[in-house]
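The values are calculated or read from the model by the stated rules, or taken from the named source; none is laboratory data. As the structure is a computational prediction, the values presented were derived from the model and not from experiment. Quick reminder, even Gly has a Cβ in these numbers, built from the backbone with ideal geometry, and neighbours come from all protein chains shown. Just the protein is used for accessible areas: all its heavy atoms, side chains included, with ligands, DNA and RNA removed. Shrake-Rupley method; radii C 1.70, N 1.55, O 1.52, S 1.80 Å.
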Amino acid sequence: MLVLAGAGSGKTRVLTYKVAWLIENLRIKPWDILAVTFTNKAANEMHSRIESLIGKAATKVWISTFHSFCARVLRKYAEILGYSRDFTIYDAYDSKSLIKRIINDHSINLQISPKAIAGKISKAKNRLISPKDYSESDDFRAPLIKTVYELYQETLKANNAMDFDDLLVNAYEVLNQSNEALSRFSFKFVLVDEYQDTNHIQYELLKLLSTKHKNLTVVGDEDQSIYGFRGADIGHILRFEKDFPDAKLIRLEENYRSTGLILQAASQVVSHNNYRIGKELRTNNPDGEPLSLLVAPDASREAYELVNIIKRHSRELNDFVILYRTNAQSRVIEEAFRLSNIPYTIVGGIRFYERKEIKDVLAYLRVLINPQDSVAFNRIINTPHRGIGPGTLQILSQFAEKQDISVYFALKEVDKIESISTRRKKTLKKFFKLMESHRKKIGKPDKLIDTILHEIGYWDKLEEEDTLEAQSRIENLQELIRGASDYNTLHAFLETVSLFTNIDKWDDTQSYITLMTVHNAKGLEFPIVFITGLEEGLFPHSLSLNNETELEEERRLFYVALTRAKEKVYLSYALDRKGYGYSLKSRFLDEIPPELIEESSIYNNL
């Protein structure tokens, strides 16, 4: 079944009520139902709604993100692929660090950043292309990228580690290879939220999981497919009826969120796209106010006008969201809010779990669980400073390679390495002893973190600094400990942290303005929405202007931005954003019927 659900039409309600109906009316066992979505926030929302309908039985339903579900499969069956169940999950930062190390260690001359290489490898994995099959006919660097890809996968396996894409690929391989595993994870009903965002590997996983019972319900909206750059394929939702010939198609066309004029504007814009199944959204809500268009002389004036409008509204600050196409646009907006003493939060800036002090602590915990993790080991061996430099680390690595052991366990044999000084050997043995004492008895995560921070002198070092930055780091570590107190095992805590996303920590009940990219806003709603930077080359982005497929995705992104609003939309652009001269307004503004927009008189005299 494909439920084609327009913006604000109740996608989550459809899934949650179907799950409740299956359990209460068809007497399906809760553990025979899998419901998957894309963020922890969405999964938690789904769980709480189902619990409100059927009570504690909701805890037995498999409600999960794709990555969390795959991690659970692999925690049980990773040995099939030659991993242990204690494998580490590498985030984007870890992957880039490992790729950078591989390039340096093997003197690979690639005029492309580790981040770009990681993106190409990720794209290949999402298409189920292995290192040996990697090829890009239009890229002369492909042979070298293939070499890095091969070394990267070999090193990941040696480290007993998987990146985010490996979770999907390896779970698919396990389920494809093992009848026992597939039988264990064969659900009678599989339900999928935001189906338009699935990539190739997710699509193949869903086909595999629903092969036996053929009860697959997907809910999505082709007009909200905005993650093509991550590998999402809008074709999955467009082709659903061909891929599953017995499928039913149901359209949800009533919008419960937005006013009539906002909905008209959004519908008119997205109607310019060709790649659509098509639907006619309607609402019983009042027409509401027209959309307001603000034209600013530059980005700074644009930002300060947002402040003025917010002050005039006299509403709760969490009623507002400021949306922009790229993160770089936030700086000038932040400055305006700071100078105006208006509290704000940014979703999608430096993630909490990517802050240095947090990653330092998590690296300690990862080595305790998985001593093969060389990326985590390299991070902690000289953190805080122990006088262990790159030279000593290289000697250790070479010894470990000859002995066919991990660098961590090379510390146990450090007395055999003549080229390391007696003083450094003593330091390394002390470090190993400390780590082993905790590896033999891993307690609750919060107590473990606090103990380690004291034993390695991390707390003392920050307190000695006595700076605002050090105080901020202390507060972040205290917050980490509070978060860890919710978990009984280190495994569970590390897995949750590894799969954390930008939106998961955002709290919409706090009294502050929210700033975020449009991509981060999908699935959310606010009474009043500001969409800034509506200029050609910015929104739509310059990289999409000569590609019709990508331009349609940009238009869908604008549609998503418009449909976040319940009551009011403010649109804005700057005549000269970068100081280079005149900017052209976005073509999307011309696609909104003029009778739905009123241009603010604020700029008439500029």
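The C-alpha atoms of the chain define a longest principal axis, and helix 330-339 lies at about 80 degrees to it. The calculated FRET efficiency for LEU393 paired with LEU208, based on their beta-carbon distance and R0 = 41 Å, is about 0.45.
Note on the chain: helix-only mean residue ellipticity at 222 nm, from DSSP H runs of 4+ residues weighted -39500 (n - 2.57) and normalised by residue number, equals -14000 deg cm²/dmol. Here segment 398-495 is treated as an ellipsoid with the same Cα gyration tensor; its semi-axes, largest first and in whole Å, are 30, 20, 11. With a 1.4 Å probe and every protein chain kept in, tell me what percent of the accessible surface of the chain is carbon plus sulfur. The C+S portion of the solvent-accessible surface of the chain is 47 percent.
For the pair SER340 and GLU316, label points projected 7 Å from Cα toward Cβ lie 2.0 nm apart.
Using 0.36 nm per residue of separation minus the Cα-Cα distance, give me the extension gain between ASP460 and LYS56 in nm, one decimal. Working shown, then result.
Numbers: separation 404, 0.36 × 404 = 145.44 nm, distance 4.51 nm.
Computed gain between ASP460 and LYS56 is 140.9 nm.
Round to the nearest 0.05 the FRET efficiency obtained for ASP404 and ASP576 when R0 = 51 Å and r is the Cβ-Cβ distance. About 0.25, to the nearest 0.05.
Label reach from LYS242 (point 7 Å along Cα→C-beta): in segment 268-291, amide nitrogens under 17 Å belong to 274-278. Hey, with R₀ at 25 Å, roughly what FRET efficiency would GLU413 and HIS106 work out to, going by the Cβ-Cβ distance, to 0.05? With a Förster radius of 25 Å, E is 0.45. Pairwise Cα distances in segment 350-429 exceed 16 Å for 51 percent of all pairs. Report note on the peptides 194-201, 60-67, 210-217: ranked by the mean count of other C-beta atoms within 10 Å, highest first, their order is 194-201, 60-67, 210-217. With angles folded into 0 to 90 degrees, how steeply does helix 299-313 sit against the dominant principal axis of the chain? Use alpha carbons for both and round to 10. So the inclination is approximately 70 degrees. A simple spin-label model places the labels of LYS440 and GLU475 4.0 nm from each other, with each point 7 Å out along Cα-to-Cβ. May I ask for the distance between the Cα centers of segment 440-465 and segment 1-71, given as a whole number of Å? Between the Cα centres of segment 440-465 and segment 1-71 lies a distance of 39 Å. Ordering THR427, THR489 by accessible surface, largest first, gives THR489, THR427; the 1.4 Å probe counts only protein heavy atoms, with every chain in place.
Against the set (i) 85, 82, 49; (ii) 88, 65, 49; (iii) 81, 60, 53, the structure's computed Cα extents along the principal axes in Å falls on (iii). A probe of 1.4 angstrom, applied to the heavy atoms of all protein chains, finds ASP466 with accessible area near 130 square angstrom. When the label point is put 7 Å from the Cα of LYS157 along its Cα-to-beta-carbon vector, which residues of segment 84-106 have a backbone N closer than 19 Å? Inside the label zone: 84-90, 95, 98-99, 102-103. Axis angle, to the nearest 10 degrees, between helix 548-562 and the longest C-alpha principal axis of the chain: 80 degrees.
Only Cα pairs under 8 Å and 6+ residues apart enter the sum, and on that basis the relative contact order of segment 389-508 stands at 20 percent.
The separation of segment 286-323 from segment 537-575, counted between C-alpha centres, amounts to 17 Å.
Tell me the per residue accessible area of the chain using a 1.4 Å probe; a whole number in Å² is fine.
Each residue of the chain exposes 46 Å² on average to a 1.4 Å probe.
Taking packing as the residue-averaged number of other Cβ atoms within 10 angstrom, the listed peptides 144-152, 450-458, 382-390 run from highest to lowest as 144-152, 450-458, 382-390. When all protein chains stay in place and ligands, DNA and RNA are ignored, the 1.4 Å accessible-area order of LYS568, LYS11, largest first, is LYS11, LYS568.
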